[in-house]
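**Q** Pasting a structure here, questions to come.
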Amino acid sequence: MKEPLAVVILTLNEELNLPKALRSIGRRAPVIVVDSGSRDRTRAIAEAAGAEFVVHPFVDYAKQRNFALDLVRERFEWVLFVDADEEVPDDLWAEIEAAVARDDLDGAYLRLELWMMGYKITHGELSTAMGLRLMRPGVATFRRASNERVDDKDMRVAVLRTRLVHRDIKPISEWFHKHIRYAEQEAKVYLDGMGQRGGLQGFTLRTKAGRMIGVRWVYNHLPLFVRPFLFHARAVVQGALLDGLPGFIHSGMHALWYPMVIDLMIYEELQRREAGRLSFEADSPAAGDAPA
């Protein structure tokens, strides 16, 4: 007989954040930590808290989460994905327990409560963001390598009221390092899909995932280096500056700097391809060998 619920946490060097995530879960559900090669105390912390620890090489987020779904599919009726820098409040646990008891539900979207510099961000582009985090593993599959999401077109879903707390206590420099890696993945997705960007396969207004296909289609057809400013303007319109300096900093980082880095990486690669610079640079002599 399957157990009701498992919590899955993906990790990579999360010794600072993981303890508070585990404390927020407690003994409410078994925890499975899927790690992609941590070199710090992540494993020791997870196992000390009674979590199951599984190492799996990281390819992309969709594959990592689908691997986790495969792990729990035969053992649990439901799975809740929690990031290592997140915490599940008591009120949210009550909603989760009520959701998994329903027979007419396949998944639930969770909103985020973002904290930065010790300040809760209540406005800006993430104030309305949500992700499908609670799901039946038998019907869920993650799509898209970066900014992964569940295809929910055939799922019965709800939106929970209480927010999942996102509070990363790593140094701010880690945020930039992480988002440079994300930018590389997003640029690759854009470049690999250049021939398919004209289509809207899967688009529907009925589901969150279907609507996001349309949003991303529009975004990908905007000019490079223009779209980050439009994204940032959207964050400002949503009141990012009402959160004071933390809101100003976060909107600049997440809604302007990050998409600008993505566009810069795309532009650099397109220039290299169109100008034939890849072969030119590979064939050119080293600077020290250049003729005088």
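**Q** Given the whole protein assembly as supplied and a 1.4 Å probe, what does the accessible area of TRP217 come to in Å², nearest 10?
**A** Probe radius 1.4 Å; accessible area of TRP217 about 80 Å².
**Q** Provide the descending list of Cα extents for region 149-259 along its principal axes, expressed in whole angstroms.
**A** 40, 36, 27
**Q** Quick check on region 99-152: take the gyration tensor over C-alpha atoms, sort the square-rooted eigenvalues as a ≥ b ≥ c, and tell me if it's rounded (a/c under 1.5), prolate or oblate.
**A** Values: a/c = 3.15, a/b = 1.70, b/c = 1.85.
It is oblate, given that a/c is not under 1.5 and a/b is not larger than b/c.
**Q** In addition: Relative to the first principal axis of the alpha-carbon coordinates of the chain, what is the inclination of helix 227-237, with its axis defined by its Cα atoms, in degrees from 0 to 90 and to the nearest 10?
**A** Approximately 40 degrees, to the nearest 10.
**Q** Now a separate question. List the relative contact order of region 23-160 as a percent without decimals, with contacts defined as Cα pairs under 8 Å and 6+ residues apart. Could the numbers behind the result be given before it?
**A** Working: 175 pairs, mean separation 37.0, N = 138.
27 percent.
**Q** If you fit an axis through the alpha-carbon atoms of helix 90-100 and take the longest principal axis of the Cα set of the chain, what angle between them do you get, 0 to 90°, nearest 10?
**A** Once rounded, one gets 80 degrees.
**Q** With all protein chains present, how much of the accessible area of the chain (probe radius 1.4 Å) comes from carbon and sulfur, to the nearest whole percent? Don't skip to the answer; put the middle values down first.
**A** Details: 8810 of 15490 Å².
Accessible surface attributable to carbon and sulfur in the chain totals 57 percent.
**Q** Near the amide H of ASN13, under 5 Å away, which other amide H atoms are found, from residues 5 or more places off or on another chain, if H is placed in the peptide plane?
**A** SER38, ARG39, ASP40
**Q** I'd like the projected area of region 1-127, averaged over all directions, using the convex hull of its alpha carbons. Report it in nm² with one decimal. Write down the numbers at each step before the final one.
**A** Working: hull surface 35.7 nm².
For the Cα atoms of region 1-127, the hull's average projected area reads 8.9 nm².
**Q** Considering only protein heavy atoms, what per residue accessible area in square angstrom results for the chain with a 1.4 angstrom probe?
**A** Values: 15490 Å² over 292 residues.
About 53 Å² of surface per residue is accessible.
**Q** Anyone know which of ALA48, ALA158, ALA240 comes out most mobile in the 10 Å Cα GNM of the chain?
**A** Fluctuation is largest for ALA48.
**Q** Leaving ligands and nucleic acids out of the surface, order TYR219, TYR190 by accessible area at 1.4 Å, largest first.
**A** Details: TYR219 55, TYR190 30 Å².
Of TYR219, TYR190, the descending order of accessible area is TYR219, TYR190.
**Q** Here's something else I'd like to know. Per-residue accessible area for GLU268 at 1.4 Å probe radius, Å² rounded to 10?
**A** Counting only protein heavy atoms, GLU268 exposes about 110 Å² to solvent.
**Q** Is the shape of region 94-191 best called rounded, prolate or oblate, per the rule: a/c under 1.5 gives rounded, else a/b larger than b/c gives prolate, else oblate, with a ≥ b ≥ c the square roots of the Cα gyration tensor eigenvalues? Provide the component values of the computation, followed by the final result.
**A** Working: a/c = 2.60, a/b = 1.33, b/c = 1.96.
The shape class here is oblate.
**Q** Pairwise over distinct Cα atoms, reciprocal of the mean inverse distance: report the Kirkwood radius of region 81-125 in Å, one decimal place.
**A** Working: mean 1/r = 0.0791 Å⁻¹.
Across region 81-125, the inverse of the average 1/r is 12.6 Å.
**Q** Sequence-distant or interchain residues sharing an amide H contact under 5 Å with VAL8, placed H: which?
**A** ILE32, LEU80, PHE81, VAL82
**Q** Grab the DSSP H runs of the chain that are 4 residues or longer, score each as -39,500 (n - 2.57), total them, divide by all residues and round the 222 nm result to the nearest 500 deg cm²/dmol.
**A** Details: 10 runs with 116 residues, N = 292.
That calculation yields -12000 deg cm²/dmol at 222 nm.
**Q** Using DSSP, restrict attention to beta bridges with both residues in the chain and report what percent are antiparallel, rounded to the nearest 5.
**A** Details: 14 of 34 bridges.
Antiparallel bridges make up about 40 percent of those DSSP assigns within the chain.
**Q** Can you give me the relative contact order of the chain as a percent, contacts being Cα pairs under 8 Å and 6 or more apart? Show your work: numbers first, answer last.
**A** Values: 461 pairs, mean separation 50.1, N = 292.
Reported relative contact order: 17 percent.
**Q** ASP151 accessible area, nearest 10 Å², 1.4 Å probe?
**A** In the full protein context, ASP151 sits at about 50 Å².
**Q** Relative to the longest principal axis of the chain, what angle (0 to 90°, nearest 10) does the C-alpha long axis of helix 172-192 take?
**A** Roughly 70 degrees between the two axes.
**Q** Still on this structure, please answer the following. Can you run the Rg to Rh ratio on region 8-59? Use alpha carbon positions and the Kirkwood inverse-distance Rh.
**A** On the way: Rg = 10.0 Å, Rh = 10.8 Å.
On the Cα set of region 8-59, Rg over Rh gives 0.93.
**Q** Based on C-alpha coordinates, I'd like the Rg and Dmax of the chain, in Å.
**A** Considering the chain through its Cα atoms, Rg and Dmax are 20.9, 78 Å.
**Q** Related question: Residues with amide H under 5 Å of LYS120's amide H, sequence separation 5 or more or different chain, H placed in the peptide plane at 1.01 Å from N; which?
**A** For LYS120, whose amide H was placed from the backbone, there are no distant partners under 5 Å.
The values are calculated or read from the model by the stated rules, or taken from the named source; none is laboratory data. Keep in mind the model is a prediction, meaning the values are calculated, not measured. Quick note on the areas: whole protein, heavy atoms, side chains included, nothing else; ligands and nucleic acids left out. Shrake-Rupley method; radii C 1.70, N 1.55, O 1.52, S 1.80 Å.
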